[in-house]
Amino acid sequence: MARASNVLKVKPHREDVHTGIAAADRKTIAASVSGILTDTYVLVIKSHVYHWNVVGPLFQPLHEMTEDHYQNLFEACDELAERIRALGHTAPLTDRHVLSDSAIRIEKTAPTAGEMIRDLIADHEGLCRKMREAAELAEQKGDFVSHDLLTGRLTYHEKAVWMLRAIIAD
């Protein structure tokens, strides 16, 4: 969770938010969701780049899957950013350092299709771990909306891992 607090470099709304979650808790949750938003945004870009550059016998399934992924992830960015706003904070992607804080990296060279799949598996699994922690935090603080949003996203990422693993299974 410490990493997420480094990502959130935002100011709260001018109006007070009185939804039953303490201001300090909203800030902590917003920071956690901001870290997930940042990683999700970078994964959108990576999935799109892999979609363009995949070649070989796995071209068709990976080309189609990465298209589904980047479309879903792009929509998720909007949902995550809107949740941060509802918590009384601004979305973090306006800070030029935010993307460099992402746990997800985009390599300069295009890997093989198998390497792309293994890389995407690792990224989705990393997001699963981060979301699980954030969902637990949200639940502890009584933020059931963030918990529900993160649970839905976690479901998506776990399914993505399963399907990616199935492509490279022996």
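The values are calculated or read from the model by the stated rules, or taken from the named source; none is laboratory data. Quick caveat: nothing in here was measured; it's all calculated off a predicted structure. Cβ placement follows ideal geometry from the backbone for every residue including glycine, while neighbour counts extend to all protein chains displayed. Calculation scope for accessible area: heavy atoms of the full protein, side chains included, ligands and nucleic acids excluded. Shrake-Rupley method; radii C 1.70, N 1.55, O 1.52, S 1.80 Å.
Rounded, prolate or oblate for region 98-158? Axes are the square roots of the Cα gyration tensor eigenvalues, ordered a ≥ b ≥ c, and the cut-off for rounded is a/c under 1.5.
The shape class here is prolate.
In whole percent, how big is the carbon plus sulfur part of the accessible area of region 33-170, probe 1.4 Å, protein atoms only?
Heavy-atom surface of region 33-170 belonging to carbon and sulfur, 1.4 Å probe: 54 percent.
Of all GluC sites (Glu not before Pro) in region 73-163, which ones are in loop regions per DSSP and have a Cβ with at most 16 other Cβ atoms within 10 Å?
Answer by residue number: Glu107.
Please return the longest stretch of the chain lacking exposed loop sites, where trypsin sites (Lys or Arg not before Pro) count only if DSSP places them in a loop and at most 12 other Cβ atoms lie within 10 Å.
By the stated rule (loop sites, at most 12 other Cβ atoms within 10 Å), 15-95.
Using a Cα distance threshold of under 23 Å, what count of lysine pairs results for the chain when pairs must be 8 or more residues apart or interchain?
Value for the chain: 12.
The chain: Rg/Rh from Cα coordinates, Kirkwood Rh? If you can, show how the numbers build up before the last one.
Numbers: Rg = 16.7 Å, Rh = 16.5 Å.
The Rg/Rh ratio comes out at 1.01.
With every protein chain kept in place and ligands, DNA and RNA left out, what is the accessible area per residue of region 19-65? Probe 1.4 Å, answer in Å².
41 Å²
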